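Just so it is clear, none of the values below were taken in a lab; they were calculated from the coordinates. Keep in mind the model is a prediction, meaning the values are calculated, not measured. Quick reminder, even Gly has a Cβ in these numbers, built from the backbone with ideal geometry, and neighbours come from all protein chains shown.
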Amino acid sequence: MSAYKELLSLLSMRDDYLILIHRNPDGDAVGSAEALRLLLRHLGKRAQILSADPPPKYLSFLPDAPFFSLERREQPPEGYTLIAVDVASQKQHGWDLSEREQGVYLKIDHHKTGDDFAKHAFVDPTASAAGEIVYRLGVEAGVTDPAFFTACYVAIATDTGCFRYSNVTKKTFLIASELIERGVDTAYLNAALFESKDKKTALANALCITGASFHFDGRVAIFTVTNDFLAQNGLQKEHLSELSSVLRELEGVELSLVLKEKEEGGTYRISARSKHYFDCTVLMAQFSGGGHARAAGGDLQAPTVKQAEEQLLLQAEALLLQY
Ligand SMILES: [Mn+2]
């Protein structure tokens with residue numbers, strides 16, 4: 001029996017699914033969860049997506065998926081089968097399941113690292129997005145609902161930066177071509193997903209480029225967003241999602257570093273992005289973080305912005321010398 005057939009037989013054994021996604025869900029989390037919900041419905045099952053965080057604003061053009069909204073302090077109710085998609089580790093879905101009789105029944109994921117928090121797991125690290133796995137599963141199950149294919153496309157297109165990142169494989173393009181064959185309007189979705197920036201995000205990007213400083217022959221760009229900066233410019237956290245990629249896009253920049261001051265002040269969330277060769281995970285490991293080679297995150301504490309940036313640049317310089 002193929003792995004996908006086995007997965008389908010696992011799904012056929014239960015009902016009343018609650019689909020868990022990671023906190024601050026992205027396009028893959030929402031897209032693959034919605035596709036999975038439609039797939040389960042095709043199998044004659046009841047299924048809902050459970051998330052305490054709303055979907056990101058850039059997905060608001062999509063028809064509303066029926067979110068089973070619950071406050072984080074509550075427990076997912078008993079009597080449901082929990083299934084996690086695009087969730088690498090227990091802590092990412094954010095629910096405390098310790099008092100529940102039944103834990104997570106199945107985990108479907110594509111991250112290289114993670115933990116075994118579910119009874120059954122299907123992890124394919126060669127998949128660019130969880131949406132690739134759910135797509136395969138849907139084809140195996142004979143799903144024909146156009147909304148299913150659209151949700152798969154949203155998942156895959158967003159997790160690959162519109163088919164530009166190094167996680168894209170031949171398989172990703174094959175799936176994309178099949179999605180076109182099945183009627184997905186890729187030009188419309190690409191424009192809605194990647195060319196519909198709100199003006200405040202564009203403003204934040206511009207301020208970041210003009211405010212950034214450049215180091216080591218322009219190979220490293222760094223910018224810090226303080227709480228004062230947000231207040232002065234009428235910006236919110238949601239407008240900062242593109243900063244690290246905006247800096248990385250600049251000619252000659254190999255590594256972009258964006259620090260965001262946390263609410264409490266004096267502590268920063270670091271987001272590191274590299275273009276060709278710099279391994280961001282090595283740098284972020286020194287700041288109790290991790291991620292992927294081209295995109296990683298970490299945390300830093302420092303009394304002033306200047307000191308925070310200096311700490312980070314010092315470590316980045318030591319690593320840059322190795323290339
Ligand atoms: Mn993903």
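Structure notes:
- Note on region 164-179: residues that are assigned to a loop (DSSP other than H, G, I, E, B) and either surrounded by fewer than 15 Cβ atoms within 10 Å (Cβ to Cβ) or aliphatic (A, V, I, L, M) (or both) total 5.
- Here Leu106 passes the criteria (1) more than 22 Å from Phe148 (Cα to Cα); (2) surrounded by fewer than 23 Cβ atoms within 10 Å (Cβ to Cβ) except the one numbered (1).
- Ala129 falls short on exactly one of the conditions (1) more than 30 Å from Leu314 (Cβ to Cβ); (2) exposed (fewer than 15 other Cβ atoms within 10 Å of the Cβ), and that condition is (2).
So that you can scan it fast, the table gives a plain yes or no per residue for (1) more than 14 Å from the ligand (Cβ to nearest atom); (2) crowded, with 23+ Cβ neighbours inside 10 Å; (3) over 14 Å from the mean Cα position of the chain (by Cα); (4) in a helix (DSSP H, G or I):
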site	(1), (2), (3), (4)
Asp28	no, yes, no, yes
Gly31	no, yes, no, yes
Glu34	no, yes, yes, yes
Gly44	yes, no, yes, no
Gln48	yes, no, yes, no
Pro54	yes, no, no, no
Tyr58	yes, no, no, yes
Leu62	yes, no, yes, no
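- Qualifying residue in region 115-125 (condition: in contact (Cβ under 8 Å) with a residue 40 or more places away in the chain and within 16 Å of the ligand (Cβ to nearest atom)): yes
- So Arg23, is it within 16 Å of the ligand (Cβ to nearest atom) and part of a loop (DSSP other than H, G, I, E, B): yes
- Yes/no for Asn205 being surrounded by 18 or more Cβ atoms within 10 Å (Cβ to Cβ) and part of a loop (DSSP other than H, G, I, E, B): no
- Per-region count, region 214-260, residues part of a helix (DSSP H, G or I) and of a type in the set (Ser, Thr, Tyr): 2
- Residue check, Tyr135 within 16 Å of the ligand (Cβ to nearest atom) and either surrounded by 17 or more Cβ atoms within 10 Å (Cβ to Cβ) or under 22 Å from the mean Cα position of the chain (by Cα) (or both): yes
- Taking the criterion of being in a strand (DSSP E or B) and touching an Asp or Glu at 6+ places or on another chain (Cβ under 9 Å), the only residue of region 1-20 that qualifies is Ile19.
- Subset of region 138-163 [surrounded by 22 or more Cβ atoms within 10 Å (Cβ to Cβ), of a type outside the set (Asp, Glu) and touching a Gly at 6+ places or on another chain (Cβ under 9 Å)]: Phe148, Phe149, Thr150, Ala151, Cys152, Tyr153, Val154, Ala155, Ile156, Ala157, Thr158
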